[in-house]
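What follows is one structure encoded as structure tokens, with my remarks underneath.
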Amino acid sequence: MSQPFKPKPDWIRNTGLVSVGYWEPLYFLKYRGGQSTEVEAEYERAHSDDSLDALAAAGINLVWIHYFKGFGLEFEAEEMERAAEYIQRAHARGIKVAAYVTLGSLTPETLLPEEPEAQNWFQVNQDGLPPTCQTTFQCFRVRPCYNAEGYMRYLERVCGAALDAAADMIHFDNLGYNAEPDTCHCPVCVAAFREMLREKYGPHGEETRAAGQARFGHNGFTHLRPPLYNRWNQAVNQRRITVPHQQEWVRFKVRTLTRALERLSSHIQRRNPDCAVEANLFKPFGENTAWLHGIDYAEQLPHLDYAFSEEPHKPGLINAQGAAISRARTFKTARAFDVAIQVYHQDDNERSLELSLAENLAFNPKGLGHFGTPLSGYWAPGQAQRAESEALPRLTKAYVEFYRRHREELLLRTRSLATVGVYRDSASLAWNSVETHLSQLNVEQTLLERNVPFDLLYPNHLADLPRYKAVVLANAECLDDETVARLKAYVEAGGGLLATEQSGAFDGWRRKRPRSALAELFGPEFPGGARQEYGRGRAAYLPRLEHKARPETSPDVWYIFNSYWAPVGNDQELLDALRYAAGGGVPLERPRAEREAAGRGRAHAFRRDGRARPEPGPGGAADSTGGLRPLRGTSAGGPAACAPARLRPAAFRVRPSPRARSVYTGRSAAVCTLQDPVSSGVWAPRATFQVESSRLCFSRARVILISALALSS
Ligand SMILES: [Zn+2]
């Protein structure tokens, strides 16, 4: 069930990356259209020594450079050569370089003349046509078949060339499948799908024979096709995936993509264990990624060192329910797999840029993120003065410099102190695109906004459950027997479980069980609201979550957009049940620990009033050992004072204060949450403690509380 995580190159753990990128080769910029008339001059500028000097001076330590865009190794050779030469010049300035390699896009008109075999590498959809890359309108880009042996060997050659060119990282883009019915039905995929089913459910063994009879009522897959769709069976209308044949096809796509990534990752690691592997893997939370893209983080993240996210759920948006939108789930998921992550700071106004940066610092100690092209900011050649004269560059520079100065001390060697784990069950989220996602997102949203630190857990983490005081199942419908056994053993041994709604009502194939597989944990009150001690642990069940908005039954709703995200209406009930399951303590309820935290470390914060400075310690003098003290804000005037203020990175000393709402200590760490609504702060800890919560202040004094995970080693 769980895969070992790829060993990480040391430099990924120790560096803390701040990146920009120039990953589109010139021929692609022209071919996709929409470029400037100055495209060639800009291209030269992006590759110039001047640019590299400016990047180095600005503290950028990673650049993505174009390498392979699916046009063909011969066609692209000249630009690949240019990239190799760029890497040398970047290294001379201490800058790491990631080589961009598309994994999911080929351009037949340039590739086929040099590689006629590539005719067999394109995906073939159910109509016999090649699917093109989804949503970009770049209709010349064709999806490759990830089962095509020739294509995978070709990509190994591409990676080998990038390694020869001394790339420090290989970045894979365009991962994933198009949504049904635009997936690969080529003869190789059909044969591999049949073989997968035969292996699991064929007549050759007693166990597989029984499994086939149980799953399909037969054991013969010789003539089976991938699922076909037509106007009466439209994939876009399908919210629940209950047909075994379709479920297995989803699993097949996930497996195929995982194997492709694993193969390339292993190839790179064998050739050069110091070369990191990155992929643009993340999709918006709320999407059923297995069904829509063949993406399952539990399967694919173990093969990466780094991940990139273009997730649209940026902080700063308050939806109609009053919920604060964030990328917290992306950061928490990456952390669950020991994968560093880059998010894209593309914001065009100060407030949203600052929120994006502050959110990153709160949740993502291993990197500051990605800032677009080498020509876009104050790191562009000759643009350094913009960091003095313009608001956005000034703000960016303040954060970049802060991160560079403090990453070693405050951020890089941190770990989570959360004592609550929220389980994301693969089958429950793959076989139902609506209800399970709604509950999952909104339980997480409740904990985020109520400031309960939590980790996200995936099937890979079932062996780690004893690390948590409580584990939450949010409408985890489809628990297979092995997962149920693990959960029961965890509770028996003293763990706490909180489950909601239909959790355990189905098996891993989404077959209805006569009674929830977890029922015995909850005792006689179940299926009403129930609590019970079980073994040495506790289990609580909440039959209902009050969602503030529910998606209508309409083909227009095919995933849980962030307009449906909100803490549940019965949040207090949820938190009470969680408290019971955790044995009476979740982190926020341990104010007694406040004293213990004093004198144990420092925190840094992002002040809104720009008056950051060392605060006197308990002894009256500036105290290098520190304690905890909330930031003072300028909020006495209320909302108006909050809106225009700026968050300012600043290191300062802290000491205990009655204004700290709560603090708790772990073995060698403490977490603190502040109550002052204008103490906008992203807190990070040093050595022995870290503050675990960020408050991001924006928009007429709306304060978002984002529970971060924290850290200290
Ligand atoms: Zn295929």
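The values are calculated or read from the model by the stated rules, or taken from the named source; none is laboratory data. Worth saying up front: this structure is predicted, and the values here are computed from it rather than measured. Positions of Cβ are backbone-derived with ideal geometry, glycine not excepted, and every protein chain shown enters the neighbour counts.
Considered as a group, the residues in segment 227-281 that are in contact with a Cys (Cβ under 7 Å, 6 or more places away or on another chain) and among the hydrophobic types (A, V, I, L, M, F, W, C) include one that is surrounded by the most Cβ atoms within 10 Å (Cβ to Cβ), and that residue is I268.
Of all the criteria given as (1) surrounded by 14 or more Cβ atoms within 10 Å (Cβ to Cβ); (2) more than 15 Å from the ligand (Cβ to nearest atom); (3) without any contact (Cβ under 8 Å) to a residue 40 or more places away in the chain, the one not satisfied by E207 is (1).
Of the conditions (1) surrounded by fewer than 22 Cβ atoms within 10 Å (Cβ to Cβ); (2) in a helix (DSSP H, G or I), G494 satisfies every one except a single condition; which number is it? For G494, the failing item is (2).
Quick grid of which residues meet (1) in contact (Cβ under 8 Å) with a residue 60 or more places away in the chain; (2) in contact with a Phe, Trp or Tyr (Cβ under 9 Å, 6 or more places away or on another chain):
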position: G217; (1), (2): no, no
position: V236; (1), (2): yes, yes
position: E248; (1), (2): no, yes
position: T258; (1), (2): no, no
position: R270; (1), (2): no, no
position: N280; (1), (2): yes, yes
position: P284; (1), (2): yes, yes
position: G294; (1), (2): yes, yes
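Based on what the data block shows, is Y201 within 16 Å of the ligand (Cβ to nearest atom) and surrounded by 19 or more Cβ atoms within 10 Å (Cβ to Cβ)? Criteria not met by Y201.
For every residue, the table says whether it meets (1) assigned by TED's automatic domain parsing to the domain that holds L375; (2) within 27 Å of V142 (Cβ to Cβ); (3) at pLDDT 95 or above.
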| site | (1), (2), (3) |
| --- | --- |
| G33 | yes, yes, no |
| D50 | yes, no, yes |
| L55 | yes, no, yes |
| I60 | yes, no, yes |
| G70 | yes, yes, yes |
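Does T15 meet the test of being among the polar types (S, T, N, Q), under 26 Å from D338 (Cα atoms) and in contact with an Asp or Glu (Cβ under 6 Å, 6 or more places away or on another chain)? Against the criterion (among the polar types (S, T, N, Q), under 26 Å from D338 (Cα atoms) and in contact with an Asp or Glu (Cβ under 6 Å, 6 or more places away or on another chain)), T15 does not qualify. Of everything in segment 153-188 that's in contact with a Pro (Cβ under 8 Å, 6 or more places away or on another chain) and of a type in the set (D, E, K, R), which residue is farthest from the ligand (Cβ to nearest atom)? In this case the residue turns out to be E180.
Count, please, the residues in segment 132-152 that happen to be within 29 Å of the chain's Cα centre (by Cα), within 16 Å of the ligand (Cβ to nearest atom) and either at pLDDT 95 or above or at positive phi (or both). Summing the residues that are within 29 Å of the chain's Cα centre (by Cα), within 16 Å of the ligand (Cβ to nearest atom) and either at pLDDT 95 or above or at positive phi (or both) in segment 132-152 gives 9.
Restricting the search to helices (runs of 4 or more DSSP H) fully inside segment 291-375 and requiring at least 1 residues that are within 13 Å of the chain's Cα centre (by Cα), buried (at least 24 other Cβ atoms within 10 Å of the Cβ) and at pLDDT 90 or above gives 297-300, 328-336. Scanning segment 470-490 for residues that are touching a Gly at 6+ places or on another chain (Cβ under 6 Å) and surrounded by fewer than 24 Cβ atoms within 10 Å (Cβ to Cβ) yields one hit, D480.
Here R157 clears all of (1) farther than 21 Å from V250 by Cα; (2) among the charged types (D, E, K, R); (3) in contact with a strand residue (DSSP E or B) (Cβ under 8 Å, 6 or more places away or on another chain) except the condition numbered (3). Inside segment 95-131, residues that are under 26 Å from the mean Cα position of the chain (by Cα) and either away from the ligand (no atom under 13 Å from the Cβ) or modelled with pLDDT under 95 (or both) make up a count of 10.
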